[in-house]
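Asks: Dumping the structure here so I can ask a few things about it.
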Amino acid sequence: MSPTDPADVRCLCLDVDGVLTDGRIYIDDTGHRAREFHVHDGLAIRWYQKLGGVVAIITGKESGAVANRAQELGIEHVFQGSQDKLADFQCLMKRLELVPAQAAVIGDDLPDLAPLRACGYPIAVANAAKEVKAIARYVTERPGGQGAVRDAVEHLVREAGRWKEVVERYERSEESGKND
């Protein structure tokens with residue numbers, strides 16, 4: 001597959017544990033699980049959507065927290081409990097009427113390898129497994145759960161020549177005070 005220009009990326013596909021979160025799962029005395037999400041990632045997801053991009057989640061686990069965060073951010077395409085991330089990625093591409101070259105995938109570990117190899121713009125978080133980093137076109141400076149998605153989105157938007165559009169929204173106060 002020839003390299004995809006960031007300006008041609010129309011869909012950003014995210015893993016959860018290790019990408020949107022730091023990979024830790026908190027379990028309290030009653031057995032309730034919790035995850036922690038970074039506000040900078042949510043803000044960047046919103047920019048990407050406002051610029052016309054689609055954001056999707058493909059994760060191997062099922063979590064109410066993930067469903068709630070996705071809803072809060074307006075992420076419509078969420079695959080939880082994925083047994084085959086590549087098949088779910090391919091399903092997503094068909095649903096969106098896109099080709100895999102029009103997608104970027106952000107991953108951190110071995111279950112993400114197949115969709116990373118299939119997409120046009122593979123991205124690894126800073127603390128990803130070496131196998132993931134080896135196939136990435138971009139490796140974030142921040143680790144998963146600590147603003148890595150924001151780093152990746154900013155990279156894509158800058159490389160596509162659209163960063164000024166994002167900054168101007170804040171300079172005009174259109175987005176002033178909004179945080180996700």
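Asks: Nearest-5 percent of antiparallel DSSP beta bridges in region 6-171?
Replies: In region 6-171, DSSP labels about 10 percent of beta bridges as antiparallel.
Asks: With Kirkwood's inverse mean 1/r over C-alpha pairs for Rh, give me the Rg to Rh ratio of the chain, two decimals please.
Replies: Ratio of gyration radius to Kirkwood radius for the chain: 0.95.
Asks: Now for a different question. List nothing, just return the count: lysine pairs in region 41-180, 8 or more apart or interchain, with Cα separation under 15 Å.
Replies: Summing the qualifying lysine pairs gives 4.
Asks: Would you mind listing how long region 1-104 runs along its three principal axes, going by Cα atoms, in whole Å with the largest first?
Replies: The Cα atoms of region 1-104 stretch 50, 29, 21 Å along their principal axes.
Asks: What list of ³J(HN,Hα) couplings, whole Hz, do you get for region 124-141 from phi and the Karplus terms 6.51, -1.76, 1.60, once you set θ to phi - 60° and write x for glycine and proline?
Replies: Calculated HN-Hα couplings, in order: 10, 6, 4, 9, 5, 4, 4, 5, 6, 4, 5, 9, 6, 7, 9, 10, 5, 7 Hz.
Asks: Quick one: which of 76-89, 48-61 comes out on top by average Cβ neighbours within 10 Å, and what's the full order, highest first?
Replies: Packing proxy ranking, top to bottom: 48-61, 76-89.
Asks: Long-range amide H contacts for residue 79: which residues qualify at under 5 Å (H placed 1.01 Å from N, peptide plane, sequence gap of 5 or more or a different chain)?
Replies: Under 5 Å from the amide H of residue 79 lie the amide H atoms of 57, 58, 59, each far enough along the sequence or on another chain.
Rule-based calculations on the coordinates, nothing more; no lab input. Bear in mind the structure is a predicted one, so any value in this text is a computation, not a measurement. Virtual Cβ from ideal backbone geometry, glycine too; neighbours counted across all protein chains shown.
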